[in-house]
Amino acid sequence: MSLPVSLQHLRLPLVAAPMFLISNPELVLACCANGVVGSFPALNQRDSAGFKAWLEEIEAGLAQLDQPAPYAVNLIVHPTNPRLQADLALCVEHRVPIVITSLGAVKEVVDAVHGYGGLVFHDVTTRRHAEKAAEAGVDGLIAVAAGAGGHAGSWSPLALLAEIRQFFDKTVLLSGCLNHGHELLAAQILGADLGYMGTRLIATRESQAQEAYKQMILGAKAADVVLTPAVSGIPASFLRQSLEQAGYDQAALKGGHEAGKLKPIGDEAKAWKTIWSAGQGVGEINDLPSVTELIERLSGEYRAALERTQQLSSNVL
């Protein structure tokens, strides 16, 4: 296991996941100010000019902070994204510290980011995806395990991490149901370097999720999370209540002919505005803190878990 130098002094081993239509500069800066990596998808802005404006806003905000954590940008590396080259050029121009790639591991993208000294982390849900990303030269793999929100996998975190570690000795992040500090420590014990947290951060004051979305998360349980390809064309986790409100029936949720066919970016964006994603960890979320309050809580939980681990180790013969 290894961490790049830029990530060795985080307050917690944590990256805030880039959430489609949710993450914004306010959320990114709050995370970075509190010592964890903040991130956002480039496509959260309508066009590349808006994306550039957000980069400038974040950079100006970071300049006002004392030793902030680095930030990350998510790029969709897929033919359905007509903005990839323009947004990648802006990442290079602004020397974005970390680029998170999804739906395609492309060596040319990796090389472009490496050209200015940036890092590339890539989302994976299976060993095959992880092997292809490793071949492309990425610096880190994000193991999106069963129970994660967004475009999620179906593998157990134990199986996915174990198989990735058989061939990959760079940075590994674990995604799926992380809400507490002790769960971040558990991810490290399983073999990850960092945790990757999404749903818990939707339910914060800084996220740009609609209030009804936040309230739905507070009232949801794991059984309310449906993994379906019906919305995106590939499997993603959504709240049952929002699917029902949008008129999806059981036949549609099974995906049928849509499975495996990613929908155009514009069509998907329209759907995600009213159909809301969450991971199976929603049952543990019951408040709407600020990011500062949440990170303080996570830090206390992480330290307490470390102390318990030390106590347990003293009992081992």
**Request:** Rank-order 230-240, 88-98 by packing density, defined as the average count of other C-beta atoms within 10 Å over each peptide's residues, highest first.
**Result:** 230-240, 88-98
**Message:** Filter Lys52/Lys270; Lys132/Lys273; Lys52/Lys221; Lys221/Lys273; Lys52/Lys170; Lys170/Lys221 down to the pairs with a C-alpha to C-alpha distance above 27 Å, please.
**Reply:** Lys132/Lys273; Lys52/Lys221; Lys52/Lys170; Lys170/Lys221
**Message:** Run the reach check for Lys107 against aspartates and glutamates, Cα to Cα strictly under 15 Å, same-chain hits fewer than 8 apart removed. What comes back?
**Reply:** Asp123, Glu131, Glu135, Asp139
**Message:** Report the rotationally averaged projected area of the chain based on its alpha-carbon convex hull, in square nanometres.
**Reply:** 15.9
**Asked** 222 nm [θ] for the chain, helices only, -39500 (n - 2.57) per DSSP H run of 4+, per residue, to 500?
**Response** -11500 deg cm²/dmol
**Request:** Figure the gain on full extension for Val92 and Ala49 (residue separation times 0.36 nm, minus the Cα-Cα span) and round it to one decimal in nm.
**Result:** 14.0 nm
**Euclidean distance of C-alpha centroids, region 104-142 and region 1-71, integer Å** = 19
**Request:** Quote the relative contact order of the chain in percent (integer), defining contacts as alpha-carbon pairs under 8 Å separated by 6+ residues.
**Result:** 18
**Request:** Please sort through the DSSP H helices of the chain and keep those with an alpha-carbon extent of at least 15 Å along the long axis and a Kyte-Doolittle average not below -1.0.
**Result:** 48-63, 291-314
**Message:** Charges on Cβ only, +1 for Lys and Arg, -1 for Asp and Glu, centred on the Cα centroid of the chain; of Ala133, Ala212, Val120, which one is farthest towards the dipole's positive end?
**Reply:** Ala133
**Request:** Note down the nm distance, to one decimal, between modelled labels 7 Å out along Cα→Cβ at Asp66 and at Arg297.
**Result:** 2.6
**Fill in**
Those trypsin sites (Lys or Arg not before Pro) from region 191-239 that are DSSP loop and have at most 15 other Cβ neighbours within 10 Å turn out to be Arg205, Lys221
**Which of Met197, Met19 has the fewest Cβ neighbours within 10 Å, and the rest in rising order** = Met19, Met197
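Coordinate-derived values only; no laboratory data. No experiment lies behind these values; they were computed from the predicted model shown. Virtual Cβ from ideal backbone geometry, glycine too; neighbours counted across all protein chains shown.
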